[in-house]
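Chemist: To start, I am sharing the structure in question, which I have written as structure tokens.
The values are calculated or read from the model by the stated rules, or taken from the named source; none is laboratory data. Because the structure is a prediction, the values reported are computed rather than measured. For neighbour counting, all protein chains shown are included, and Cβ atoms are generated from backbone atoms with ideal geometry for every residue, glycine included.
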Amino acid sequence: RKADPAAKDEAGRTPLEIAMLAGNVEVAGALIPATDVRSFKTTSGESLLHWAAANGLQDAVASLIKRKGDVNEKNADGETPLHAAAWNGHYQVCGMLLDAGADPLARDVSAKTPLYNACWNGHFTTVTTLVKGGARPAGDERGYTPLHAAAWQGHHEVVTALLDYGANPNVQDEDGATPLHKAAWRGHDKVVETLLKRKADRSLKDSDGFTALDMAKSAGKSGAATLLSQ
């Protein structure tokens, strides 16, 4: 008897989804041609394109795009395939999705963009790919921008790139914190130094009245405090 690729187990998962969850790329790849691209969803609301993008599978992504997979479809968290590829630093896939019409400004349920995801994880080449594809340094629902994220994480190369692309070094989130506050609190001296050189305002205060220097001192980050005291 011929196996039914659409059959589901007790949890409602198809053989394809089980293979995907297990990370079995070979089996999943064999099942994809027998699957309706536009109707397939995992139990978490993800499309085949989400999964292929998240795993950096360029051939699968190309095939799914050709078969009219929706490059702007969102999962339960509001993430598009571009969010997934950007989070994992798959810049080639990001480029493919952008070329196919993916929205570089798409926001998830927390208003985070693919660029934010790439900046949080320090994926420099992905950042440049997204910006060249139309991404902009917009903030999330708290006003927390990709520059805040890169500064908090200490991704100096990404911070520099964002500034080169026109990101505002003095942007404040809903708590009044700037990227300089974030870098100072975490003790990312190189980021602090670069932000200061790029006209970050060390006198700005957050909603609690703290400057970046106050944050560095409070966190015991002597290197950052020294830079901010100069």
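Chemist: Please give the number of the condition Val61 fails out of (1) assigned to a loop (DSSP other than H, G, I, E, B); (2) surrounded by 23 or more Cβ atoms within 10 Å (Cβ to Cβ).
Modeler: Among (1) assigned to a loop (DSSP other than H, G, I, E, B); (2) surrounded by 23 or more Cβ atoms within 10 Å (Cβ to Cβ), Val61 violates only (1).
Chemist: Could you tell me which numbered condition Ala34 fails, if it satisfies all but one of (1) out of contact with any Pro (no Cβ under 9 Å at 6 or more places or on another chain); (2) surrounded by fewer than 18 Cβ atoms within 10 Å (Cβ to Cβ); (3) of a type in the set (A, V, I, L, M, F, W, C)?
Modeler: Against the list (1) out of contact with any Pro (no Cβ under 9 Å at 6 or more places or on another chain); (2) surrounded by fewer than 18 Cβ atoms within 10 Å (Cβ to Cβ); (3) of a type in the set (A, V, I, L, M, F, W, C), Ala34 comes up short only on (1).
Chemist: Shifting gears a bit: Tell me the residue from Gly143, Gly139 that is crowded, with 18+ Cβ neighbours inside 10 Å, within 27 Å of Leu213 (Cβ to Cβ), at pLDDT below 95 and small (Gly, Ala, Ser), please. Working first, answer last.
Modeler: Details: Gly143 fails: crowded, with 18+ Cβ neighbours inside 10 Å.
Gly139 is the lone residue from the list that is crowded, with 18+ Cβ neighbours inside 10 Å, within 27 Å of Leu213 (Cβ to Cβ), at pLDDT below 95 and small (Gly, Ala, Ser).
Chemist: To continue, here is another question. For the stretch 101-120, which positions are of a type in the set (Gly, Ala, Ser) and surrounded by fewer than 19 Cβ atoms within 10 Å (Cβ to Cβ)? Quick ask: steps written out before the conclusion?
Modeler: Taking the stretch 101-120 as the starting set, the residues that turn out to be of a type in the set (Gly, Ala, Ser) are 101-102, 106, 110-111, 118.
Within the stretch 101-120, Gly101, Ser110, Ala111 meet the criteria.
Chemist: Something else now. Return yes or no: is Leu227 in contact with a Ser or Thr (Cβ under 6 Å, 6 or more places away or on another chain), surrounded by 15 or more Cβ atoms within 10 Å (Cβ to Cβ), aliphatic (A, V, I, L, M) and modelled with pLDDT of 95 or more?
Modeler: Here the answer is no, as Leu227 does not meet what is asked.
Chemist: Checking the condition among the small types (Gly, Ala, Ser) and part of a helix (DSSP H, G or I), which residue from Ala135, Ala86 passes?
Modeler: Being among the small types (Gly, Ala, Ser) and part of a helix (DSSP H, G or I) holds for just one of Ala135, Ala86, which is Ala86.
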